[in-house]
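Below is one structure, written out as structure tokens; the observations come after it.
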Amino acid sequence: MTLLAALPIIRGMAGLSFRCAACGREYPLEAASWNCACGGPFELAGGPAFSRAGLEPGEWSLWRYRAFLPVEERVSLGEGLTPLVALELFGLEAHFKLEFLMPTGSFKDRGTAVLVSFLKERGIREVVEDSSGNAAASLAAYCARAGIRARIFVPSYASPAKLRQIEAYGAELVPVPGSRADAARAAEAAARAGSYYASHYWSPFVLEGLKTFAYELAEQLGWRAPDNLIFPSGHGTFLLGAYFGFRELAQAGAISRLPRLFAAQAEACAPLAEGFRLGLAGPAEITPGETIAEGIRIARPVRGPQVLKAIRESAGGVVTVSDAEAEAAQRELARHGLYVEPTSAVAVAGLQRLVERGSIRPGELTVVPLTGSGLKGGSG
């Protein structure tokens, strides 16, 4: 466990704590650590439960679900309530949720809005993060909104368009030679020196924000869950946050069952797929290859055991696709008027592969979140 310098006592909802997803140990939020002493990631314990009666009428953003979010502060750029579009593809009708229409052009804004709201409540003035692009751009934008200084560590191969976006928000950009993991280690070193580690994959507040995808989708579908959901997955946090949200909806009686959750990975870097295939509790040890889907080129997803557990509990699965298949899916989707980045297209190619296998059939309600805009000029 890594501890930071002492931080102010949190002004926020009472009863919240961090709970390790691996060993169950609990920590107060004031502990300012980004993981457990055992190395496991945190979940949030003691947060508010979902209730349809708690929806905020007349609020047309993510904050329509404010009563179920574990923050009192609100740092917002108008994120949420993204459209749901039906298209005929691969011999069936599928629905695509346009998460790339978020303020910074990716789904990351859901989690970032809640995380940065928490940071502002806490009085944090400086944060560090590591990302190949979308998460960093999102954090930089919301920190600009909140008046928080952000330093972003990025691998040297990150998309130039995304780097320009990060710098445009006023964040300090720190390119790191080497791999995505090298950028993460650099950010962790900066955090040990005293900055707050606002990690999009370690922070449980990001997962709390991502739960709103499930709330929102269920409401758009008339308070039902889709039969199938397919996510492009590196760390797998989007899938995991959605799982938490649908589980809460089911516990509240707002939906009758969970959707089947599918993770789509690039063939060149598929530790979740290999772990699932081998029946492992967590992701398999792999050596990552090169892929155009740089945003999901994650060899060691820190929440891998949680993600695989969610997939298995929902009777879902993991599918892999080649770069050529992702590029073909990107072109096919663009011919229907939707332009996404290659990482997003991995999920669309995954849909095609699942249809070909017979895992997804015509007549089922299938939803694919389109996670990042093609206008960003890169992947992930």
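The values are calculated or read from the model by the stated rules, or taken from the named source; none is laboratory data. Predicted model, so just to flag it, every value in this text is computed and none were measured. FYI the Cβ positions are ideal-geometry reconstructions off the backbone, even for glycines, and counts take in every protein chain you see.
Laid out as a table, the results:
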read-out: Long-range neighbours under 7 Å by Cβ, at least six apart or interchain, first residue at positive phi and modelled with pLDDT of 95 or more within the stretch 56-84, second hydroxyl-bearing (Ser, Thr, Tyr) and assigned to a loop (DSSP other than H, G, I, E, B); value: GLY78/SER61; GLY80/SER61; LEU81/SER61
read-out: Leading residue by the ranking (surrounded by the fewest Cβ atoms within 10 Å (Cβ to Cβ)) among those in the stretch 295-337 that are assigned to a loop (DSSP other than H, G, I, E, B) and either among the polar types (S, T, N, Q) or on the phi > 0 side of the Ramachandran plot (or both); value: GLY337
read-out: Failed condition for ALA141, given (1) crowded, with 24+ Cβ neighbours inside 10 Å; (2) in contact with a helix residue (DSSP H, G or I) (Cβ under 6 Å, 6 or more places away or on another chain); (3) under 25 Å from LEU119 (Cβ atoms); value: (2)
read-out: Filter result (surrounded by fewer than 17 Cβ atoms within 10 Å (Cβ to Cβ) and either touching a Phe, Trp or Tyr at 6+ places or on another chain (Cβ under 9 Å) or free of Cβ contacts under 8 Å to residues at least 24 places away in the same chain (or both)) within the stretch 148-166; value: SER156, ARG164
read-out: Subset of the stretch 338-355 (residues that are of a type in the set (D, E, K, R) and either part of a loop (DSSP other than H, G, I, E, B) or free of Cβ contacts under 8 Å to residues at least 12 places away in the same chain (or both)); value: GLU341
read-out: Residue within the stretch 155-165 that is outside any strand (DSSP E or B), modelled with pLDDT of 95 or more, of a type outside the set (D, E, K, R) and touching a helix residue (DSSP H, G or I) at 6+ places or on another chain (Cβ under 6 Å) present; value: no
read-out: Condition check for TYR201: among the hydroxyl-bearing types (Ser, Thr, Tyr), crowded, with 18+ Cβ neighbours inside 10 Å and closer than 19 Å to GLU79 by Cα; value: no
read-out: Which listed residue is closer than 18 Å to THR237 by Cβ and not polar (S, T, N, Q), from ALA329, ALA345, ALA334, ALA310; value: ALA310
read-out: Matching residues, the stretch 253-265, being touching a Ser or Thr at 6+ places or on another chain (Cβ under 6 Å) and either among the small types (Gly, Ala, Ser) or within 26 Å of GLY46 (Cβ to Cβ) (or both); value: LEU258, LEU261, ALA263
read-out: Neighbours by Cβ (under 8 Å, 6+ apart or cross-chain): first from the stretch 116-131, touching a residue at least 24 places away in the same chain (Cβ under 8 Å); second among the polar types (S, T, N, Q) and buried (at least 24 other Cβ atoms within 10 Å of the Cβ); value: GLU129/SER199; ASP130/SER199
read-out: Hits in the stretch 186-196 - residues which are exposed (fewer than 15 other Cβ atoms within 10 Å of the Cβ) and farther than 17 Å from LEU119 by Cα; value: ALA189, ARG192, ALA193
read-out: Helices (runs of 4 or more DSSP H) (entirely within the stretch 179-294) containing at least 2 residues that are β-branched (Val, Ile, Thr) and within 15 Å of the chain's Cα centre (by Cα); value: 204-220
read-out: Residue in the stretch 364-375 that is touching a residue at least 12 places away in the same chain (Cβ under 8 Å), assigned to a loop (DSSP other than H, G, I, E, B), more than 22 Å from GLY295 (Cβ to Cβ) and not basic (Lys, Arg) present; value: yes
